[in-house]
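Notes follow once the structure below has been shown.
The values are calculated or read from the model by the stated rules, or taken from the named source; none is laboratory data. Everything numeric in this text was worked out from a predicted model, so none of it was measured. FYI the Cβ positions are ideal-geometry reconstructions off the backbone, even for glycines, and counts take in every protein chain you see.
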Amino acid sequence: MTTNLTRKFKIFIDFDGTITKQDVGENMFLKFGDKLKAYQIIDRWINKEITSTESWQQLCDSIINFDENAFDQFINQIEIDEYFIDFYQFCQNNQMDVFVLSDGLDYYIKKFFNKYSLSNINFFSNIFTLNSSNKIIPQFNYRDEECKFCANCKRNHIIDNSSDDDFTIYIGDGYSDTCPAQFVDYLFAKNSLLKFCEKNRISYFPFKNFSDIKNIVSELITKKRLKKRHQAFLKRKEVYMRG
């Protein structure tokens with residue numbers, strides 16, 4: 001494979017349900033909190049009745065006396081996409097920068113990356129803290145006041161870590177991915193994100209796993225002519241103008 005090294009690709013990847021086979025953040029509250037209350041909070045967030053920040057705060061409040069050991073055992077039972085490590089190595093070999101953008105918590109992301117020797121991956125997420133009463137206190141270091149749907153503004157990370165000369169790729173599956181998906185040149189989608197793209201006529205590549213993604217990206221990086229998505233350029237320009 002001959003890569004066009006004059007181009008710079010930036011790869012942005014969701015974590016929960018994309019790198020992992022299950023949504024870790026959602027399932028932790030269903031298992032360790034009040035399941036009925038957790039479903040109600042998640043539904044209110046999806047319906048945009050509350051912000052992502054409010055949903056995280058309410059979900060964390062639903063867990064009484066957090067058991068770290070039990071949570072670690074729960075994490076160990078969740079698998080990552082079996083092709084993700086190969087895809088990440090492929091990106092490294094082709095000099096493509098990779099960023100993981102999560103609206104989840106850094107605690108379990110670090111656990112997964114350490115487990116699979118991936119601790120060198122750049123990632124941005126919300127912050128997990130535990131007080132003296134074993135209560136989870138989430139911190140939102142990357143919140144954007146204009147964005148009510150994400151506690152960790154993925155759009156800003158994409159803009160901050162790429163230029164208009166870069167070719168940007170986003171890979172995701174859920175509701176927190178609907179905003180950043182509008183600011184990139186190429187999009188890989190499944191589940192809720194795929195439905196959003198269909199409804200809003202956003203071009204995308206469907207995928208089942210990272211092997212599918214690797215095959216398509218391999219073709220993209222070797223094309224003689226590659227187009228950037230004009231609508232994404234306009235969306236980025238809107239943000240620049242507001243700034």
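Taking segment 53-67 as the search range and keeping residues that are among the acidic types (Asp, Glu) and assigned to a helix (DSSP H, G or I), which one is nearest to SER176 (Cα to Cα)? Reasoning before the result, please.
Taking segment 53-67 and keeping what is among the acidic types (Asp, Glu), we get 54, 61, 67.
Subsequent filtering for residues that are assigned to a helix (DSSP H, G or I) retains 54, 61.
Working: GLU54: 14, ASP61: 21 Å.
My answer is GLU54.
Report the residue count in segment 27-49 for those that are in a loop (DSSP other than H, G, I, E, B) and more than 20 Å from the chain's Cα centre (by Cα).
3
Among the residues of segment 128-160 satisfying the criterion of being at pLDDT 90 or above and charged (D, E, K, R), which is farthest from ILE11 (Cα to Cα)?
Restricting to residues being at pLDDT 90 or above and charged (D, E, K, R), the top hit is LYS135.
Among the residues of segment 112-130, which ones are of a type in the set (A, V, I, L, M) and either within 16 Å of the chain's Cα centre (by Cα) or buried (at least 18 other Cβ atoms within 10 Å of the Cβ) (or both)?
Going residue by residue through segment 112-130, those that are of a type in the set (A, V, I, L, M) are 118, 121, 127, 130.
Correct list: LEU118, ILE121, ILE127.
If the requirement is being crowded, with 18+ Cβ neighbours inside 10 Å and under 29 Å from GLU54 (Cβ atoms), which of these qualifies: SER176, SER162, SER133, SER192?
Going through SER176, SER162, SER133, SER192 in turn, just one is crowded, with 18+ Cβ neighbours inside 10 Å and under 29 Å from GLU54 (Cβ atoms): SER176.
Looking at segment 161-204 only, could you name the residues that are modelled with pLDDT of 95 or more, in a loop (DSSP other than H, G, I, E, B) and under 12 Å from the mean Cα position of the chain (by Cα)?
Of everything in segment 161-204, just one residue is modelled with pLDDT of 95 or more, in a loop (DSSP other than H, G, I, E, B) and under 12 Å from the mean Cα position of the chain (by Cα), namely ASP173.
Can you find a residue that is closer than 30 Å to ILE64 by Cα and either surrounded by fewer than 20 Cβ atoms within 10 Å (Cβ to Cβ) or touching a strand residue (DSSP E or B) at 6+ places or on another chain (Cβ under 9 Å) (or both) anywhere in segment 90-97?
no
Taking the condition closer than 29 Å to ASN65 by Cα and among the charged types (D, E, K, R), does ARG143 pass? Reasoning before the result, please.
Details: closer than 29 Å to ASN65 by Cα: yes; among the charged types (D, E, K, R): yes.
In short, yes.
Please specify each residue of segment 157-174 satisfying the condition of being within 21 Å of CYS197 (Cβ to Cβ) and touching an Asp or Glu at 6+ places or on another chain (Cβ under 9 Å).
Restricting attention to segment 157-174, the residues satisfying the condition of being within 21 Å of CYS197 (Cβ to Cβ) are 157-159, 162, 167-174.
Once the filter is applied, which keeps residues that are within 21 Å of CYS197 (Cβ to Cβ) and touching an Asp or Glu at 6+ places or on another chain (Cβ under 9 Å), segment 157-174 yields SER162, PHE167, THR168, ILE169, TYR170, ILE171, GLY172, ASP173, GLY174.
Please verify whether segment 10-26 includes one or more residues that are in a helix (DSSP H, G or I) and out of contact with any Phe, Trp or Tyr (no Cβ under 7 Å at 6 or more places or on another chain).
There is at least one residue in segment 10-26 that is in a helix (DSSP H, G or I) and out of contact with any Phe, Trp or Tyr (no Cβ under 7 Å at 6 or more places or on another chain).
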